[in-house]
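What follows is a single structure, written as structure tokens, with notes after it.
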Amino acid sequence: RKEVEQDPGPFNVPEGATVAFNCTYSNSASQSFFWYRQDCRKEPKLLMSVYSSGNEDGRFTAQLNRASQYISLLIRDSKLSDSATYLCVVNTNAGKSTFGDGTTLTVKP
Amino acid sequence: GAVVSQHPSRVICKSGTSVKIECRSLDFQATTMFWYRQFPKKSLMLMATSNEGSKATYEQGVEKDKFLINHASLTLSTLTVTSAHPEDSSFYICSAPPLGGGQPQHFGDGTRLSIL
């Protein structure tokens, strides 16, 4: 079993749709959690951190359930520019990151 | 914020060439750097952790003699792909660990290596 598992995708949605990505992690000692966005042939860029209380940044909402070891990302009112691969990332307290395989999102006109 | 600079961004060279990739922390000191490799449509896989002034720690299955890592100073880590072959073609990316608890890593821009 992978340490970090994500929805296999791909997700193909129309503009304006709401889409949700799920992620589970196996290391109960994981300390911090993030969603990254990666465009084709580019480095990953931090989208948002994920907190147990849930956090929102514009159209993006992230949730963390430590008991279930589950992380989610919700994107509302999808834009064409949201098309990318979304990576779930889990850090240990040593700062080492484990990445999910990513979920590809394509938003179509 | 913290910035990590990686160079070069793109390398195309012949089989048998050794290629050096540099990763610099521009406005902070990093005693540790991480080196990742990414295959197409796959996620980043940690190759090794470089440690300033000591040997790198390699992940299982990564050839130490193929991927030489040096962390000579608090702001520079290098990855050398020795005698590169087409199967070494990949996207390589370095990162510096978080500056504090709960903080994300800081990634370089990545190096796309193509071996002909």
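The values are calculated or read from the model by the stated rules, or taken from the named source; none is laboratory data. Since the model is a prediction, treat every value here as computed from it, not as a measurement. Please note: Cβ atoms are built from the backbone with ideal geometry, for glycine as well, and neighbour counts cover all protein chains shown. Note: areas computed on protein heavy atoms with side chains; ligands, DNA, RNA excluded. Shrake-Rupley method; radii C 1.70, N 1.55, O 1.52, S 1.80 Å.
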Filter region B:25-54 down to residues that are loosely packed, with under 14 Cβ neighbours inside 10 Å and at the interface with chain A (Cβ under 10 Å from one of its Cβ atoms) and give me whichever is nearest to B:E87 (Cα to Cα).
B:P40
Matching residues in region A:3-23 (at pLDDT 95 or above, in a loop (DSSP other than H, G, I, E, B) and surrounded by 13 or more Cβ atoms within 10 Å (Cβ to Cβ)) number 1
Somewhere in region A:80-99, is a residue modelled with pLDDT of 95 or more and exposed (fewer than 15 other Cβ atoms within 10 Å of the Cβ)?
yes
Return the residue satisfying two criteria in turn: it lies in region A:24-37 and is within 14 Å of chain B (Cβ to nearest Cβ) and in a strand (DSSP E or B), and of such residues it is most open to solvent (accessible area, probe 1.4 Å).
A:R37
Could you tell me whether A:E43 is over 10 Å from the mean Cα position of the chain (by Cα), part of a strand (DSSP E or B) and surrounded by 12 or more Cβ atoms within 10 Å (Cβ to Cβ)?
no
Can you find a residue that is assigned to a strand (DSSP E or B) and away from chain B (no Cβ under 14 Å) anywhere in region A:80-92?
no
Of a type outside the set (A, V, I, L, M) and in contact (Cβ under 8 Å) with a residue 24 or more places away in the chain: which single residue out of A:S52, A:S26 fits that description?
A:S26
So which pairs qualify, if the first residue must be in region B:70-86 and under 22 Å from B:D27 (Cβ atoms), the second must be acidic (D, E) and assigned to a strand (DSSP E or B), the Cβ gap must be under 6 Å, and the two must be at least 6 apart or on different chains?
B:T78/B:E22
Do any strands (runs of 3 or more DSSP E) entirely within region B:59-114 hold 3 or more residues that are within 23 Å of A:N93 (Cβ to Cβ) and within 13 Å of another protein chain (Cβ to nearest Cβ), and if so, which?
B:90-96
